[in-house]
Amino acid sequence: MTPRRSPAVPPAPGATGGPRTGSSSVDGSHSGGPRTGSSSVDGSHSGSTPADRPHTDGPHTAPAGRLAAWAELLRVSALFTVPGDALAGAAATGARPGRRTLLAIATSLCLYEAGMALNDWSDRDEDAVDRPHRPIPSGRISPAAALTAAGALTAAGLVLAARAGRAPFTVATTLATTVWAYDLRLKHTTAGPAAMASARALDLLLGAAAGRPGSTPALRAALPHAGLLAAHTYAVTTVSRHETRGGSTTAPLAALATTLTITATTVRHTPHTAAARGRPPAGRLPVALAGLVYGRTTLATLLHAALNPSPALTQRAVGAGIRAMIPLQAALTARAGAPAAGLALLGLGPLARRLARKVSPT
């Protein structure tokens, strides 16, 4: 799962740290950088409140506008960070991707998007002040529609998980519970980062459970990789809690140390993992390449945020941390003995970066 907002913390890159979409102030004025979708529904840039704006999530909304609003609500550019969880989990168990792995990926996508819709629904009052351009406070999507989407996507994900087997369904149910608990309550507490990290770890374990259903040793084999992914997610989520106001050097520095540790751990090749399954160890090059791309994606932005903890640079660091999940998943997959799948995952990075220029992943 992607780090989403804590109490007064909006999500990442679409703010002041680079190409921005809709980062206006409450009164509708530009606060710097190009802005899209931050005016009121009637096209003006006044400081009207969400209550003054008509909801447009109905039959009279232009189809293109409705699709754009839903794409923004669901943060579709961040979807590229999801498939790698299940693939890394399956690779850790020695399973080849198959029907169950595809079902696990589909489950993850549904639950991820459910969390995105639920996140904006639960933060609608806060967004009316801090991010009035978001789909719900701007009136482009109604709160009821967002909540209905969250429920429907959760149900769809659990149905898909049940088709993958009992073990995947059990993991998916725990994951869905974690997502809803985070969005409705935990993200406003000190347990928020841990809950988000747990969700990502469970997503990887979902792939492991689907790869070898009913195999407890298989789940144990995936735990080290789940722990690395959880550590990265925890670090990024902690930084994200300071996005709106900035001011924290401790969180970016801690995340920087975590990223360096994960990079070193990942690129340190351990062929015994694959050899223990009677398969040839993965080549060093894909593991090292993915690990270095992971470090390169996020280290510089975290350092900048630590040196100058402004909202702009903090948000940019969080955005980079979200994108860095892709090369991390690729490194973990290759490290577990599936270099081809790892390289394929690595190729998702440029696609995610390109789409993120149009739709913010947070």
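Only residues that are of a type outside the set (Ser, Thr, Tyr) and either without any contact (Cβ under 8 Å) to a residue 24 or more places away in the chain or more than 29 Å from Tyr234 (Cβ to Cβ) (or both) were counted across the stretch 138-164, and they come to 11.
Across the stretch 342-359, which residue is nearest to Ala231 (Cα to Cα) among those that are surrounded by 24 or more Cβ atoms within 10 Å (Cβ to Cβ) and either among the acidic types (Asp, Glu) or out of contact with any Pro (no Cβ under 6 Å at 6 or more places or on another chain) (or both)?
Taking the stretch 342-359 as the starting set, the residues that turn out to be surrounded by 24 or more Cβ atoms within 10 Å (Cβ to Cβ) are 342, 345, 356.
Checking which are either among the acidic types (Asp, Glu) or out of contact with any Pro (no Cβ under 6 Å at 6 or more places or on another chain) (or both) leaves us with 345, 356.
On the way: Leu345: 20, Ala356: 24 Å.
So the residue we want is Leu345.
So is Ala95 closer than 10 Å to Gly207 by Cβ, touching a residue at least 60 places away in the same chain (Cβ under 8 Å) and surrounded by fewer than 24 Cβ atoms within 10 Å (Cβ to Cβ) or not? So Ala95 passes the test. Can you find even one residue in the stretch 334-341 that is part of a helix (DSSP H, G or I), among the charged types (D, E, K, R) and within 26 Å of Ala222 (Cβ to Cβ)? Looking through the stretch 334-341, at least one residue is part of a helix (DSSP H, G or I), among the charged types (D, E, K, R) and within 26 Å of Ala222 (Cβ to Cβ). So, restricting to helices (runs of 4 or more DSSP H) that lie completely within the stretch 103-198, which ones have at least 2 residues that are charged (D, E, K, R) and surrounded by 17 or more Cβ atoms within 10 Å (Cβ to Cβ)? Here the list reads 124-130.
Per-residue answers, yes or no, for (1) modelled with pLDDT under 90; (2) surrounded by 24 or more Cβ atoms within 10 Å (Cβ to Cβ); (3) among the aromatic types (Phe, Trp, Tyr); (4) over 23 Å from the mean Cα position of the chain (by Cα):
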| site | (1), (2), (3), (4) |
| --- | --- |
| Pro271 | yes, no, no, yes |
| Arg277 | yes, no, no, yes |
| Leu285 | yes, no, no, yes |
| Ala290 | no, yes, no, no |
| His304 | no, no, no, no |
| Ser310 | no, no, no, no |
| Val318 | no, yes, no, no |
| Met325 | no, yes, no, no |
| Ala330 | no, yes, no, no |
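For (1) buried (at least 23 other Cβ atoms within 10 Å of the Cβ); (2) touching a Pro at 6+ places or on another chain (Cβ under 6 Å); (3) at pLDDT 90 or above; (4) over 17 Å from Ala324 (Cβ atoms), each residue gets a yes or a no:
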{"position": "Ser215", "(1), (2), (3), (4)": "no, no, no, yes"}
{"position": "Ala235", "(1), (2), (3), (4)": "yes, no, yes, no"}
{"position": "Glu243", "(1), (2), (3), (4)": "yes, yes, no, no"}
{"position": "Gly246", "(1), (2), (3), (4)": "no, yes, no, yes"}
{"position": "Leu256", "(1), (2), (3), (4)": "no, no, yes, no"}
{"position": "Thr261", "(1), (2), (3), (4)": "no, no, yes, no"}
{"position": "Arg268", "(1), (2), (3), (4)": "no, no, no, yes"}
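The values are calculated or read from the model by the stated rules, or taken from the named source; none is laboratory data. None of the values given here were measured: they were computed from a predicted structure. A quick note on method: Cβ atoms are made from the backbone with ideal geometry, for glycine too, and the neighbour counts reach across all protein chains shown.
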